[in-house]
């Protein structure tokens, strides 16, 4: 259950908005992503693990299971994250998740569809895999927030 709740903090894995790589919570986010996406515990997330992780994270963030993520659904993440990481960390991570996820709303309808989310996740994997070995290491994940916020 612990990793399922924090999986929400993922996505992170996917998005984009103006900010800096040293935004509070980015290190925690990259560690959470490694923990959640690295299913075989080799300290890497390969393309298959990345895809599976992004699908699971979308499902967890889509609280009402309607195929899209809203701001209210993202706000609801603070409580379960707070139980695991504390209220201050939860507030930071939840705001970071909101920034990162909502910027993916390509059609500007106020929600992020699974298609929008998945497209950005695929793009991010390619950008993060800077050594082009087909997997993402912790050091590469540390660049996630900067990539997400630079677009």
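Bear in mind these aren't lab numbers, they're just calculated from the coordinates by the rules spelled out. Because the structure is predicted, anything quoted here is derived from the model rather than measured. No Cβ is skipped: glycine too gets one built from the backbone with ideal geometry, and neighbour counts run over all protein chains shown.
Structure notes:
- Proxy reagent accessibility, fewest Cβ within 10 Å first, across 93, 112: 93, 112
- Protection-proxy order for peptides 44-54, 122-132, 94-104, each taking the mean of Cβ atoms within 10 Å per residue, highest first: 94-104, 44-54, 122-132
- Against the empirical curve 2.2 N^0.38 Å, the C-alpha radius of gyration of segment 41-151 lands at a ratio of 1.08.
- Computing FRET efficiency as 1/(1 + (r/R0)^6) for residue 51 and residue 107, where r is the C-beta to C-beta distance and R0 is 25 Å, gives about 0.65.
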